[in-house]
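Enquirer: Just dropping this structure here.
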Amino acid sequence: MDPAVRTPSRLAAPLVHRLFRDPVRPPVFSEPVPGLVTWRGTRATATPDDVHRTAADLVHLAAERHAAPTAELAPVVDVLARTLLAIAEVDVTDADAVRLGPQDYARRLRGAVQGADRELSPDAAWFHDALLVSVCLHVLHHLVRRSAYLQRQLPGRASRIAQLVDQGDAEAAARQAERPEEDVAFEAEYVQWVARRYGWLTIVGVDFPNAPDRWPLEETYLSLEAEERSGGVGGAEDEQRTVLLADRALEDHERVLLRGGAGSGKTTLVQWLAVAAAREGSRIPFVLPVRRFAREGFPAPDDFLHAVRHPLADRAPEGWVVRTLLAGRALLLVDGIDEAPEKTRGELRDRLRRLLRVFSGNGCLVTSRPSAVSDGWLWGAGWPRRTSSSCRWRRCRGTR
């Protein structure tokens, strides 16, 4: 299936609007709406059956534009309906939902219907999860558009949501018009492989009775706290430092250097970003562990998959990676610069810089131990100084 399971906003917005009752108060609010929807009571305008019909319309609309598992659309509709009904059950205000963003809000809803997607095959579950993120984006867009309070109090998040909607519409139109069929088919297989390969963690030291060898990433991932350093024109004393969640590191910047000590979770963050990108469909993730090409140097785009010994490398359409980069749809996750010999790191950096100058518009995260490279090691190519030298486990996401 096409990795970007999206519905154009002109079609999705009317369907999402069905789920919400119009607020009683005037359009300009002095405080956030305390809840999202009402399924019960005399003022309820949408019944569970209405929600189920809306879920069916959303699923079939997405299926028309993607190679969805057609034999399992009915179960996907059931699970999506149950997930959307959770909107009325979770303790999340409009403002909370907008702050979370579509990916985290979708995860919160999935957590409220524990195990619902386990009734689906892996392909159907992937389709449901990717579609849910898209639906949540349109839900948040609806909340922002109807609330002047949210527009005033959360201008950055409101702008980001509108940008994602516009970007999704543009990318969907471009993909429909220009992408070769063989690219669409291969991307579908590739992003599903990414979600399966990186969607699990091995946790050392767990000694529960009958504990599994691997754990689902969503149930075990703990977000990192990262410190962003910017400014500093007059020296280190002028630097501005901001603490943020590391899994939002690429949200405001295309290129990020993330530095953290051994065991701080850099590689796990790479996994998280890869799976999120694969499910959301906004970018195609390329996980590039430096240890795989540390001595050969940074690979050319056509060699990305072979350089990391990817099992699908021989099946990729010729020029697929280059076309993805030219479209600005790639997310390069370069993990472990410190694993390259010190004498070759400069050449590796220069190759990466040249690649990003040629293929502008793509996202890139580079990770390293602080002892291997300096804070400004990647400066000179538009790199923000975002580090995680003080990163630590902050909170648990999706624990069930």
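Enquirer: What is the one condition in (1) more than 21 Å from residue 254 (Cβ to Cβ); (2) in contact with a Lys or Arg (Cβ under 7 Å, 6 or more places away or on another chain); (3) not in a helix (DSSP H, G or I) that residue 338 does not satisfy?
Expert: With (1) more than 21 Å from residue 254 (Cβ to Cβ); (2) in contact with a Lys or Arg (Cβ under 7 Å, 6 or more places away or on another chain); (3) not in a helix (DSSP H, G or I) applied to residue 338, the lone miss is (3).
Enquirer: Can I ask one more? Could you list, ordered by first residue, the pairs with Cβ atoms under 8 Å in which the first is in segment 360-371 and in contact (Cβ under 8 Å) with a residue 60 or more places away in the chain and under 16 Å from residue 270 (Cβ atoms) and the second is surrounded by fewer than 24 Cβ atoms within 10 Å (Cβ to Cβ) and of a type in the set (S, T, N, Q), at least 6 apart or interchain?
Expert: Qualifying pairs under 8 Å: 367/267.
Enquirer: Out of all the residues in segment 111-118, is one or more of a type in the set (Gly, Ala, Ser), under 30 Å from residue 305 (Cα atoms) and at pLDDT below 85?
Expert: Checking segment 111-118: not a single residue is of a type in the set (Gly, Ala, Ser), under 30 Å from residue 305 (Cα atoms) and at pLDDT below 85.
Enquirer: Among (1) at pLDDT 80 or above; (2) more than 26 Å from residue 115 (Cα to Cα); (3) open to solvent by less than 30 Å² (accessible area, probe 1.4 Å), where does residue 17 come up short?
Expert: (3)
Enquirer: Filter segment 39-67 down to residues that are part of a loop (DSSP other than H, G, I, E, B) and surrounded by 15 or more Cβ atoms within 10 Å (Cβ to Cβ) and give me whichever is modelled with the lowest pLDDT.
Expert: 39
Enquirer: Is there any pair linking a residue in segment 290-306 that is assigned to a helix (DSSP H, G or I) to one that is among the β-branched types (Val, Ile, Thr) and open to solvent by less than 80 Å² (accessible area, probe 1.4 Å), with Cβ under 7 Å and at least six apart or on different chains, and which?
Expert: Going by the 7 Å Cβ cut-off, the qualifying pairs are 290/334; 290/337; 292/308; 301/321; 301/322; 302/321; 302/322; 304/321.
Enquirer: Can I ask one more? Tell me, which helices (runs of 4 or more DSSP H) lie completely within segment 88-160 with 1 or more residues that are closer than 30 Å to residue 190 by Cβ, open to solvent by 40 Å² or more (accessible area, probe 1.4 Å) and without any contact (Cβ under 8 Å) to a residue 40 or more places away in the chain?
Expert: So the answer is 94-112.
The values are calculated or read from the model by the stated rules, or taken from the named source; none is laboratory data. What you see is a predicted model, and the numbers here were worked out from it, not measured in a lab. Heads up, the Cβs are rebuilt from the backbone with ideal geometry, glycines too, and the neighbour counts pull from every protein chain shown. Surface accessibility is based on the protein's heavy atoms, side chains included, excluding ligands, DNA and RNA. Shrake-Rupley method; radii C 1.70, N 1.55, O 1.52, S 1.80 Å.
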